[in-house]
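Reading through the structure tokens given below for one structure.
Quick note: the coordinates plus some simple rules give every number you see, no bench work behind them. Being a predicted model, the structure only gives us computed values, none of them experimental. Ideal geometry is used to build each Cβ from the backbone, glycine not excepted, and the neighbour counts take in all protein chains shown.
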Amino acid sequence: MKVWLLFEGPYDGDKPGQYEIRRFLEEGAKRGYDVKVFGPSQFDLKCPMIGSNTVWVDSQPQQLPDVVIPRMGVGTTYLGLAVLRHLRRAGVVVLNRAAAVAAVADKLHTFQVLSLEDMPLPKTIFGKCPVDVDLIEKELGFPVVVKTLKGTQGSGVYLSENPENLRDMTGLLTNDGDESLPVVFQEFIKVSAGRDLRVFVVGKKCVACMERSATDGSFKANISRGGVGKNVPITPEMEKLALDVCRILDLEIAGVDLLYNDNGYLICEANSAPDFKGLEKFCNVDIPSVIYDHAANLLGVAKLEVSGNVTPFSRWSKAAKSGLSKIKLFGTR
Ligand SMILES: Nc1ncnc2c1ncn2[C@@H]1O[C@H](COP(=O)(O)OP(=O)(O)O)[C@@H](O)[C@H]1O
Ligand SMILES: [Mg+2]
């Protein structure tokens, strides 16, 4: 199997995401897969997608891979999304697709999509500048959680204790002429303070569920902040929530965070390129293997449907020529 990992920057260090790339390479090598790591900034793309060369990396024409796994998460740029859309249209299996990556890179967008299907969410407000602190107090109370739209690993999440503090904080963030701030305000779920659940989903299956707990008294339970994890058996309720989140957001691979609540759970967020260093350590799972098995399975099924062992591009053209308006197996969103 030929796999491209989309990741910007070096992967031989300990920065976020680097462990995961190393693990994909290591597991791919064991299986004899051809796994390459490219950053979106290396790409040129051509439309219409006719002929053999429609993708260049470092100005060199490329044979398309079977599978592409974006690992850029909230850092995904326009170019990153364009590469994903291009490869998907060329018939490559893309895990996850551009629309899903974009939706979960923005915490408000995620909640807007999940709201359509009445998913349980903490009450969240986004709006104009200057921030209406009275409205936030009335709707959400204090303390209130303030989150940057594109935060990750807990770095953009704060707890504001009272209206004065929130006025000061938002005042500091505001520049003249700002229409809005790049943050949401969210109800603080007290029973979940310092602990939450991370459910890892691959291809409509929950692979592992980990309870995360802060070790420094913070309300944030992220492992990357020093939190610890514990493997917990997944209940039908957790499983249904995590799988519903993935179905609604069209995520093939996801880390779904759940907050504890008095009568069940609330969805905190979904990650399209979730870290799994902590999960592998605390839950004894091999995530790259699960993802590769899933990809191989998708490819195997695809080959059966369009018949013959063909390259992704010819697979797409074959399906198009035979009058299929879409390749059903991979979905179309
Ligand atoms: N509304 C909330 N109430 C209580 N704790 C929260 C709330 N939102 C987030 N947290 C805690 O903060 C952590 C980080 O928040 P999250 O939205 O997942 O941001 P990030 O993308 O940075 O991980 C969560 O894992 C959870 O422990
Ligand atoms: Mg999180």
Residues of region 168-195 classified as within 16 Å of ligand 2 (Cβ to nearest atom), of a type outside the set (A, V, I, L, M, F, W, C) and farther than 17 Å from Lys107 by Cα, total: 3
I'm trying to understand the selection: among the residues of region 56-87, which are of a type in the set (Lys, Arg) and crowded, with 21+ Cβ neighbours inside 10 Å? Arg71
Enumerate the pairs (first residue in region 152-167 and aromatic (Phe, Trp, Tyr); second residue anywhere and surrounded by 17 or more Cβ atoms within 10 Å (Cβ to Cβ)) with beta-carbon separation below 7 Å, excluding pairs fewer than 6 apart on the same chain, so at least 6 apart or on different chains. Tyr158/Val146
Inspect all residues belonging to region 49-67 and state whether any of them is of a type outside the set (Ser, Thr, Tyr) and under 20 Å from the mean Cα position of the chain (by Cα). yes
When you go through (1) among the charged types (D, E, K, R); (2) away from ligand 2 (no atom under 14 Å from the Cβ); (3) within 14 Å of Val199 (Cα to Cα); (4) touching a residue at least 60 places away in the same chain (Cβ under 8 Å) one by one for Asp257, which number turns out not to apply? (2)
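Give the residue that is farthest from ligand 1 (Cβ to nearest atom), with candidates limited to residues of region 165-179 that are within 30 Å of Gly226 (Cβ to Cβ) and in contact with a helix residue (DSSP H, G or I) (Cβ under 9 Å, 6 or more places away or on another chain). Quick ask: steps written out before the conclusion?
Residues of region 165-179 within 30 Å of Gly226 (Cβ to Cβ): 165-166, 168-170, 172-173.
Next, only the ones that are in contact with a helix residue (DSSP H, G or I) (Cβ under 9 Å, 6 or more places away or on another chain) stay: 166, 170.
Numbers: Leu166: 15, Thr170: 17 Å.
Here the answer is Thr170.
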Between Gly203, Gly194, Gly226, which is under 22 Å from Ser155 (Cα atoms) and more than 9 Å from ligand 1 (Cβ to nearest atom)? Gly226
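Of everything in region 213-227 that's surrounded by fewer than 19 Cβ atoms within 10 Å (Cβ to Cβ) and over 19 Å from Lys190 (Cα atoms), which residue is farthest from the chain's Cα centre (by Cα)?
Just the residues of region 213-227 that are surrounded by fewer than 19 Cβ atoms within 10 Å (Cβ to Cβ), to begin with: 213, 215-218, 224-226.
Remaining after also requiring over 19 Å from Lys190 (Cα atoms): 224-226.
Numbers: Ser224: 16, Arg225: 19, Gly226: 21 Å.
Only one residue fits best here, namely Gly226.
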Within region 95-109, work out how many residues are aliphatic (A, V, I, L, M) and free of Cβ contacts under 8 Å to residues at least 60 places away in the same chain. 2
Pairs only if they're at least six apart or on different chains, beta carbon under 6 angstrom, first in region 39-50 and touching a residue at least 12 places away in the same chain (Cβ under 8 Å), second not in a strand (DSSP E or B); list them, first residue then second. Gly39/Glu8; Pro40/Leu79; Pro40/Gly80; Pro40/Val83; Gln42/Asp58; Phe43/Val83; Leu45/His86; Met49/Ala90
Residue list for region 235-265, filter: surrounded by fewer than 20 Cβ atoms within 10 Å (Cβ to Cβ) and within 12 Å of ligand 1 (Cβ to nearest atom): Tyr260, Asn261
State the number of residues belonging to region 175-232 that are in contact (Cβ under 8 Å) with a residue 12 or more places away in the chain, among the small types (Gly, Ala, Ser) and out of contact with any Phe, Trp or Tyr (no Cβ under 6 Å at 6 or more places or on another chain). 10
